[in-house]
Each structure stands twice: as structure tokens, then as C-alpha cells.
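These notes are about the structure you will find just below.
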Amino acid sequence: MAQNLDEQVNTIERALGERMIRHALIILRSWLIELGEDNPYEARYTEISDQYRTLFEDFLTSEDPEREAQLDRLTGETYKLVDAVYATLRVRKGLSPDIHGFNGQNPQSVMHYWSECVQFKDSDFAWLREVLNDPDRSAIALMAVSAVSKNLRENFSEPMMLALIDAINSDSHVVAEQALANVMLLLAHYDVRIDFFPDIQNAFAEAIGDGDSAFEVLCAMIRSTKVSLRDMLARKEISYDELPQELRDLLSMTGSENDVSGIASWVPNSEQEYMSGIIQILPDTWLYSLLVGDDAQRLRTIKLMYLSIGKMDLVWDNISLAESFLVQQMRANKATALDYINYGHCFLLRGDRMMAYENYRTAREMCKGAKEFFALFRPDRRQLVDRGVPVEQVYLIEDQLLSVN
């Protein structure tokens with residue numbers, strides 16, 4: 001059975017992530033056939049195919065210290081062609097609207113265009129850069145940044161990424177911070193391909209300077225997986241008067257003035273789940289390497305930040321730090337079921353099975369049922385076993401925690 005378009009895109013992403021250009025070109029060839037003989041991409045496709053064939057033949061017969069760099073460059077060029085053909089194919093299939101032009105004074109028009117269009121013009125990016133530096137249009141700029149980010153999740157575009165990075169230097173603090181957070185999410189989201197776009201890497205590194213502000217935003221992103229803006233709005237922890245002026249202007253433009261729930265459209269229901277997925281892969285990304293790297297202070301901060309949302313990911317080999325944090329949580333009566341599970345892990349790794357079990361049992365009592373508890377506990381099985389805990393002990397503990405009297 002033939003793959004659908006989404007499956008084909010996923011296959012290309014996996015292939016190019018490993019620099020397997022030929023695999024991607026096979027699918028790309030089928031796309032070009034679907035577009036017809038008069039498509040504008042044939043010459044570029046042939047050029048990349050020929051360059052890759054020559055590179056492979058040279059690989060078989062000679063040693064070239066520049067080959068890795070050549071392969072990276074050609075992978076990036078293949079990505080660009082794939083993106084261009086994909087955008088055209090989406091329009092042809094009716095998956096994206098064939099639209100050009102919008103009313104820059106109308107928020108609905110701005111949101112629709114920048115979140116749906118896949119074939120932008122240079123004049124579009126010129127307009128975006130213009131409003132980003134116009135204090136009288138900061139609300140429109142904020143809406144455009146949000147829409148661009150939504151679009152980029154679905155349809156990668158190097159010019160659009162570079163335009164969004166430009167927004168980090170906006171005169172509006174709220175716009176700049178929103179753009180920074182969105183760029184960082186996208187860099188992590190597209191980590192596999194970002195290595196092949198040095199212009200994006202260089203532009204981002206220049207935009208963040210020493211990286212202090214970016215690191216603070218990174219920490220805020222991690223915290224947000226525990227308490228989302230939507231949750232805060234629902235509990236009325238944020239009032240209209242506490243919102244930045246740009247957001248109040250936006251609510252007024254969209255007819256939601258004096259109603260903080262109106263901003264919920266900025267925080268889709270799936271946002272927290274998406275963020276959690278990003279945080280899961282973050283330590284393996286280029287973004288993490290750039291902002292944390294070997295900086296001891298930032299590394300300690302990020303480890304504690306992960307612990308604050310219940311994740312042991314970064315401290316499995318530093319349980320003393322985990323214990324110190326978790327004890328503080330318990331003394332402050334802030335410990336969650338996941339905190340008690342993590343504390344139990346610390347004892348189990350130290351060989352104190354009795355104290356480990358007591359903490360696991362406390363966590364089990366805090367959960368609504370066995371299903372909820374094991375959803376928290378079982379993802380850590382592999383880490384425990386890899387660090388010397390016999391798998392039989394893990395199963396024995398789980399068996400006893402199936403029901404708690």
C-alpha cells in the first residue's frame with residue numbers, strides 16, 4: 001500500500017536526518033511526477049541527483065577531508081528542494097490555500113494568511129520586519145509571530161525561520177520574548193534538520209547574544225509543562241490588568257476586551273502535550289548544547305528545573321542533587337506523587353530497598369489508582385535496570401504496589 005503524504009514526509013525526515021539523500025530523492029521523484037512535466041523543480045532535482053552521484057563515486061575511490069562538509073551542504077540543499085515541492089504539492093492537493101496578499105490592519109486576515117500560506121513572497125517578509133519594529137502595531141506583530149510559528153510547525157521554511165529569528169530583536173519586549181520562545185521550540189522540534197542550515201544557527205546565536213535571556217526562557221518553557229498558561233487563566237490566576245499592553249491590545253482587537261479567557265486561543269489544548277514532547281528530547285538537541293553545554297551553573301539549574309516538573313532525566317547519575325531537591329519539596333509540603341517515586345528511585349539506587357518501597361507506597365496512595373501510579377513509575381524501569389537494579393526486584397516492587405491497603 002502506497003504511503004500517504006504525511007508518511008512520505010516522515011520518511012524523508014528520517015532519511016535526511018541520517019543524510020541518506022538517495023532515499024529522499026526517490027520520494028521526491030514521485031512528487032515531481034505528480035506535479036507534471038512542466039513543474040519548475042526538475043532542473044534542481046537533476047542537479048542535486050548528479051552532485052550526490054558524483055560525491056558517492058568519489059567516496060568509493062578516494063579520500064576527501066571535505067566530503068563530510070559537502071554531504072552536509074547537499075543535505076541542506078535537498079531539504080530546501082523538498083520544502084519547496086512539498087509546499088506546491090500541498091496547494092495542488094488543496095491542503096493549503098493558494099492565497100497571496102492580506103489586510104495588514106485586520107487581525108483575522110493577518111492570522112489566516114501567516115498561519116495558512118505556504119508560498120510567501122519577499123514583500124511578505126518585508127512587511128513582517130516592518131511591523132516588528134513599529135511600536136504602534138505591536139499587537140498585530142504579536143499575532144503574526146504566533147501565526148508564523150504555527151505555520152512553521154507544519155511547513156518548514158528557512159526564510160520564515162530567519163524572519164522569526166529577526167523578531168527576537170523587536171522593540172516590543174513581549175513580541176521579542178514570544179518570538180524567542182517560539183524559535184527555541186522550533187529549533188528543538190526540527191533538531192534533525194537544523195544542523196544542515198548554518199544560516200539559521202548563526203542568526204539565532206547572534207540574536208541571543210550571551211544567551212542569558214534565552215536560558216531564562218528555556219527554564220520557563222520547562223516549567224510550563226507542569227502549569228500551562230491555559231490552567232492559570234482557568235483558575236483566574238492572571239487578571240486582565242496584569243497582562244502586557246500588547247496582549248490587552250490584541251484582546252481588544254479580537255473583541256475579547258476585559259476577558260482573559262479570550263487569550264486561550266493562543267494556547268491550544270494540545271500545547272502542553274506538545275511542550276512535554278519537546279522537553280523530552282531537549283537534552284539531545286543543538287539548542288540544549290548551545291544554551292547549556294558545559295556551563296556548570298546552567299547545567300545545575302537545568303537539572304533542578306527538570307526535577308521541579310518531576311523528571312529525573314538529567315540527574316540519574318547525580319542522585320545526591322536529586323535527594324537534596326526532593327527533601328526540600330517534602331519539607332515544604334509541595335511533594336507530588338512523582339516526587340515520592342523519584343525519591344524512592346534514589347533509595348533503590350543506593351541499595352535501601354525498604355525506604356524505596358515506603359516512598360513508592362506513599363506515591364501509590366497519592367494516586368487515584370494503579371493505572372495512574374504505573375503510568376508514572378514504569379517509564380523509569382529501563383534507567384533503574386541500566387544502573388544495576390535487578391529487573392526481578394523492579395517487578396517484585398511493582399507486584400506489591402498493584403494494590404495498597
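The values are calculated or read from the model by the stated rules, or taken from the named source; none is laboratory data. Given the structure is predicted, the values throughout are model-derived calculations rather than measurements. We place every Cβ from the backbone using ideal geometry, glycine too, and count neighbours over all the protein chains shown. For accessibility, only protein heavy atoms count, side chains too; no ligands or nucleic acids. Shrake-Rupley method; radii C 1.70, N 1.55, O 1.52, S 1.80 Å.
Using the Cα centre of the chain as the reference point, and only Cβ charges (+1 on K/R, -1 on D/E), how large is the resulting charge dipole? Debye, rounded to the nearest 20.
1700 debye
What do you get for Rg/Rh over the stretch 44-120 if you use C-alpha atoms and the Kirkwood form of Rh?
On the way: Rg = 19.0 Å, Rh = 15.3 Å.
Ratio of gyration radius to Kirkwood radius for the stretch 44-120: 1.24.
Length gain on complete extension for the stretch residue 18 to residue 108, per 0.36 nm per residue less the alpha carbon to alpha carbon distance?
The residue 18-residue 108 span can extend by a further 28.4 nm.
Along the positive direction of the dipole of the chain (beta-carbon charges: Lys, Arg +1; Asp, Glu -1; about the Cα centre), which of 45, 16, 282 reaches farthest?
282
Residue farthest toward the positive end of the dipole of the chain, with Cβ of Lys/Arg at +1 and Asp/Glu at -1: which of 188, 308, 5?
It is 308.
Kindly sort 136, 339, 6 by accessible area of their heavy atoms, largest first, with the probe set to 1.4 Å.
Accessible-area ranking of 136, 339, 6, largest first: 136, 6, 339.
Note the per residue figure in Å³ for the convex hull of the C-alpha positions in the stretch 87-218.
Roughly 101 Å³ of hull volume per residue.
Starting from the Cα gyration tensor of the chain, take the square roots of the eigenvalues, sort them a ≥ b ≥ c, and report rounded, prolate or oblate (rounded when a/c is under 1.5, otherwise prolate if a/b is larger than b/c, else oblate).
oblate
Classify the stretch 326-405 from the C-alpha gyration tensor, please: rounded if a/c falls under 1.5, else prolate or oblate depending on whether a/b exceeds b/c.
Oblate shape, in that a/c is at least 1.5 and b/c is the bigger or equal ratio.
Tell me the accessible surface of residue 42 in square angstrom (1.4 angstrom probe, heavy atoms of protein chains only), to the nearest ten.
50 Å²
Enter the Cα centre distance for the pair the stretch 51-68 and the stretch 279-308, rounded to the nearest angstrom.
36 Å
Could you work out the relative contact order of the stretch 1-126? I mean the mean sequence separation of Cα pairs under 8 Å and 6+ apart, divided by the number of residues, in percent.
Numbers: 66 pairs, mean separation 25.7, N = 126.
It rounds to 20 percent for the stretch 1-126.
Which of the lysines could be linked to residue 311 by a straight reach, that is with a Cα gap under 28 Å, when you skip same-chain ones fewer than 8 residues away?
Residue 311 reaches 150, 226, 236, 303, 334, 368, 371.
Can you give the extra length, in nm with one decimal, that the chain gains between residue 330 and residue 53 once fully stretched, where that is 0.36 nm per residue apart less the Cα-Cα distance?
93.6 nm
Which of rounded, prolate, oblate describes the stretch 267-371, given a ≥ b ≥ c as roots of the alpha-carbon gyration tensor eigenvalues and a/c under 1.5 marking rounded, otherwise prolate only if a/b is larger than b/c?
oblate
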